[in-house]
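Written out below as structure tokens is the structure these notes cover.
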Amino acid sequence: MKKKILILFSLTLSLVMFTECKKDDKKYKVFFWGGRDMQGKTLTLFINDVNEGALPFIKDKVTCDNDSSKQKALLRELGTNRFNIKVRDDNGLIFTSGTLNIGKNSIGVDAGTSDFGTIEAESTGDCITVGLK
């Protein structure tokens, strides 16, 4: 009898724990910008092989606390996940690439295989800036 009660209690506790689990659906405002060697080039941002639009050249670093620089950047809302980032030129050649990892408590960037450019990312709260240079 005690064994049955213990099994029933364990199953009930497991069910409660699984129903209490919530998917992290937090969205981050991610500001993409191109700097340094991108001036004068027409470059396109791809996230997971989807064309997200022209990557703007911004001379000074975009930061989360600078509203005027953020207004010039390409804004996308992204959730927690791993994103394949590529920047292509007019001929479709990859200018720079890498992986952007957005976690609940951290962000990370893994450099890709391109011979040009770098990727840098910084975050403050729900704001993330990604410089592709």
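The set of residues from the stretch 51-86 being among the β-branched types (V, I, T) and over 14 Å from the mean Cα position of the chain (by Cα) comprises I58, V62, T63.
Somewhere in the stretch 9-16, is a residue under 21 Å from G98 (Cβ atoms), part of a helix (DSSP H, G or I) and either hydroxyl-bearing (S, T, Y) or at pLDDT below 90 (or both)? No, the stretch 9-16 contains no residue that is under 21 Å from G98 (Cβ atoms), part of a helix (DSSP H, G or I) and either hydroxyl-bearing (S, T, Y) or at pLDDT below 90 (or both).
The values are calculated or read from the model by the stated rules, or taken from the named source; none is laboratory data. Fair warning: this is a prediction, and the values are worked out from it, not measured in the lab. Neighbour counts run over all protein chains shown; Cβ positions are idealised from the backbone, glycine included.
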